Structures are given as structure tokens and as C-alpha cells.
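Report on the following structure.
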Amino acid sequence: MENMFKASWQHHKSLLILALPMILSNISTPLLGLVDTAVIGHLSESVFLAGVAIGSMLISLIYWLAGFLRMATTGLVAAACGADDEMRQMTLLKQGLVFALMLGLALLALSPFISWLIHQYFSGSEQALGYAQTYVSIRLYSAPAALMNLVLLGYMLGMGNSRGPFYLVLVTNVFNILLDLLLVVYLDWQVEGVAWASCIAEYLAFIFGCYWVKKIAEQHGYSLYQVLKQKVAGFKPLMRANSDIFIRSLFLQFCFAFMTYYGGILGDTVLAANAVLLNFLLLVSFAIDGVAYATEAKVGQAKGANNTALQHLWVSLSLFWGCIFSLIYCFGFFVFGEHVINLLTDIELVRITANDYLFWLYFLPVLAVASFVFDGVFIGLMNTKAMRNSMIFSAVAGFFTVFIILKPMGNHALWAAMSSFMLLRGVSLGLIYWRQYYRGR
């Protein structure tokens, strides 16, 4: 923390300028989901909304698991930017785009299998599952563009460009909303309209993303044409980072999925209450993830410049601002938590149940802050093996072991497990970082 107090306002400002657009981007994404829900929710039958809910959940899961494309690109490009290695920047951009394109085409080819999974593993009426299949099959046409957009986003962040990521998400969301209104409200394409709106928006965003990346590349003395000429050999660092982050994401998703699974065993009311309370954790991620994204770029650039002191300064600043945001959230949840629950549900029994477990959220932002920030630190350092190992250890020791011990406490056991899981992620990564820092220094 001594580094944080010695830092000039310019360092604080530099971090926040990169973090704030990402915070706004994070906030805009769920707002888009609300628009999709509102548009389709005003159609004549609830089965339309049920189909879109199932399909969008599956697509969101697939694209969320593919988030390793953005993280690996950010860390590797940031190091190349810090080292002023233009050739490496170009190579990484093309490698990432080629890999994302191949993965997107593979998802498109697997579309019939993914649609089959809907009927095998999801509950719902035959008509709702049919609409879900229609939605997924159309949305998967956007997979190449959606995954390449993750690479473009990672490149922008790695290069320290603060506006590009915000504009890219904004363009995607604005076009999606406009196309929703045109295809669903005006042309009455129903579920197909919502799916095609998202699909077309991804490709329009990709065109805009290429334009913005072209500007960034030219500012650094090379063009997209030079990028296209680069060889795509030497995938090993990118593949290793992607595989580690993918495994890490799987274990993270497994813990959240277990919250939903066991909540269902405890009853529909508990399941619904947990779904409401998990939105509080989503709210926390809006701000602290924005700080973590900025940390990825700043730490990666310092690593590329081989400046350990600057690297440690960015870590200290990120923890400082992460803690500031987390304390604001703790205070906000304590004062307004009940009002937020009332906004999220009208069902009285769900409201009462959610309020019974609300106190866990009073402390969770502080317990979780280090896990968000150090994720950004280790992506910047490209120490993805440590991220993977920390996540596996935290899931086993922090989540499932705690849950098994406290299982007789019912839903309190789930929230205790989630709290200890988040805390252990941050503590384990923090210990690894400080051990490496003092050894390296």
C-alpha cells in the first residue's frame, strides 16, 4: 500500500480512464438483455419468452466460456506493447483472429448437436424447446464474428486503448436494440427476429472493431495489411494460455451452476431467491471487473517493459480502487439491499426468503475484491497456470469442502461456500503474487 500512497494522481487517473469505460460497458450488457426480454415478453404467448430464455442462456454460456480469447489476447498484447514489439503485436492479433475464426466455424458446424442437447437436458414444453432450438441455430451463425470480437476487445485493452472497448460494446448493443425493434415489433419475426438482431449486430460490431483496431495499429506505426501478412505459426503460448483460462472458467462456472442446482433441490422458492441474490454479485462485477480489465493492460505493459516497480505500483493502485468500490457496494447493499430485492421480484415469499440470506451480500464484495483484481494481475503477467491452479484449489477446498461441512445448514451452506470460495481465490492468488514479487525483486 506504500506504493499506492506514493503514486501521483496521474497514475490514478491513468488507471481510472481505462477502467471507467469498461465499467460502463459491463453495465450496458445486462441492460441489453432487459430490452430483449421486454421486446419478446410483449408478444402474445409466454412460450416465446421461455424459448428465448433457454436459448440465450445457452449462447451466453458458450460465449462466456470463450472469454479466454479476450483474456489471453489482452495479456500477451499488453506485454508486447510494453516492450514496443510491433512485430509481436501484429502476430498476436492475427493468431487470435485466426484461432477465434476456426473456433467460431467449429461451433457453427456443431449447431445440430447443440440444438439436440436442448431437448436432452432442458425442461420445458415442446414448443418452448423448439423456439430455443430456433434461437440457438440462428445465433450460432454469429459465432465467428462474436469470438473475433473478443480478440479485438482483448487487443484494444492490451494496447491500453480506453475508448475502443466501450464503443465496441456500445455499437453492438445499440444495433441490437434497433434491430429488435425493427424485426420483432415492426416485422413481427418473433423469436427469429430477436436471434437475427443479435446475429447481425455482432457482424456490424466486428466491422466497427476492425475500423477501430486499424486506427490503433496506425498510431503504432503499422497497418492491418501488415497484420494480414504475418505468419500464424507459433501458436503455443496462445494455446497454453487459452487452455489454462478455459479450465479455470469451467471450474468457476461449475461452482455457480451448483448454486443453482442445489438451490433447486432446496425448493423453487430458495432457487428463485438465490437467483435474485446472485444479481447482487453481478452488480459487484460491473465495477471491480472494470478495474481488473485496466489492471490486465497496465500490469502486462509494465511486464513487457521489464519494470517490476511499475508493475507493483499498478497492482497496489488496482487493489486500492477495487477496495473503494467494494466498500461502496457493501454500504449500498446494507442500506438499499431490501429495496433492490423488491425491484427484482414481486413474489412476496421470494422476497422474504431473499431477505433471510441478504446479510451474506453485506460482506461478499470485500471478500471477493481480491479475486477480481488478482485475476487481472495474473492475466497481465500471463501466469495462467497459477490462475488455473488457484481456481481448482479454491473450488475444491473453498467451495465444495465448506459446503459439505456445513450442508445441514441448507442454503446458508451454499452462501458460506460461495463466500469462502471468493475469499480463497483472492488470498491464494495474492500469496502467489507476493511470493513471486519478492523473489523477483
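The values are calculated or read from the model by the stated rules, or taken from the named source; none is laboratory data. Everything numeric in this text was worked out from a predicted model, so none of it was measured. FYI the Cβ positions are ideal-geometry reconstructions off the backbone, even for glycines, and counts take in every protein chain you see. The accessibility values were calculated without ligands, DNA or RNA, using every heavy atom of the protein model including side chains. Shrake-Rupley method; radii C 1.70, N 1.55, O 1.52, S 1.80 Å.
Sorted by average packing, counted as other Cβ atoms within 10 angstrom per residue and highest first, what order do 172-183, 398-409, 137-148 take?
My ranking of the peptides, most packed first, is 137-148, 172-183, 398-409.
Can you give the local net charge around MET387? Use residues other than it whose beta-carbon is closer than 11 angstrom to its beta-carbon, Lys and Arg +1, Asp and Glu -1.
Spelling it out: positives minus negatives among the neighbours equals +2.
Provide Rg over Rh for region 335-396; use the alpha carbon set for both Rg and the Kirkwood Rh (inverse mean inverse pair distance).
1.19
If the only charges are +1 at each Lys and Arg Cβ and -1 at each Asp and Glu Cβ, what is the size of the charge dipole of the chain around the Cα centre, to the nearest 20 debye?
Rounded to the nearest 20 debye, it is 1960 debye.
Where a Cα-Cα gap under 19 Å defines reach, which lysines qualify for LYS303, not counting those fewer than 8 residues away within the same chain?
LYS385
Compute and list, largest first, the equivalent-ellipsoid semi-axes of region 363-405 from the alpha carbon gyration tensor, each √(5λ) rounded to a whole angstrom.
Values for region 363-405, descending: 21, 15, 4 Å.
How large is the accessible surface per residue of the chain, computed with a 1.4 Å probe and reported in Å² as a whole number?
44 Å²
What share of Cα pairs, in percent, lie more than 31 angstrom apart in the chain?
Of all Cα-Cα distances in the chain, 42 percent exceed 31 Å.
Over the chain, what percent of the accessible surface lies on carbon and sulfur atoms, probe 1.4 Å?
Of the solvent-accessible surface of the chain, carbon and sulfur hold 68 percent.
Heads up, I need the accessible area for ARG435: 1.4 angstrom probe, whole protein in place, Å², nearest 10.
130 Å²
Report relative contact order for region 176-263 in percent, whole number only (criteria: Cα-Cα under 8 Å, sequence separation at least 6).
16 percent
Let me have the 222 nm mean residue ellipticity of the chain computed from DSSP H runs of 4+ only, each contributing -39500 (n - 2.57), with the sum over all residues rounded to the nearest 500.
Counting only the DSSP helices, I get -29000 deg cm²/dmol.
So what J values fall out for region 245-250 if you push phi through Karplus, 6.51 cos²θ - 1.76 cosθ + 1.60 with θ = phi - 60°, rounded to Hz, Gly and Pro as x?
Working through the residues one at a time gives 5, 5, 4, 4, 5, 4 Hz.
In whole angstrom, note down how far apart the Cα centers of region 155-206 and region 263-279 are.
31 Å
When N counts the residues of region 44-92, how does its alpha-carbon radius of gyration compare numerically with 2.2 N^0.38 Å, as a ratio?
Its radius of gyration relative to the 2.2 N^0.38 Å reference: 1.96.
If contacts are Cα pairs under 8 angstrom and at least 6 residues apart, what is the relative contact order of the chain in percent?
Value for the chain: 22 percent.
Between ALA128, PHE235, PHE246, whose Cα lies farthest towards the positive end of the dipole of the chain when Lys and Arg beta carbons carry +1 and Asp and Glu beta carbons carry -1, centred on the Cα centre?
Working it through, the farthest residue towards the positive pole turns out to be PHE235.
What does the charge add up to near ASN342, with Lys and Arg as +1, Asp and Glu as -1, over the other residues with Cβ less than 15 Å from its Cβ?
-3
Would you give the gap between the C-alpha center of region 384-426 and the C-alpha center of region 81-128, rounded to a whole Å?
Using only Cα atoms, the two centres lie 29 Å from each other.
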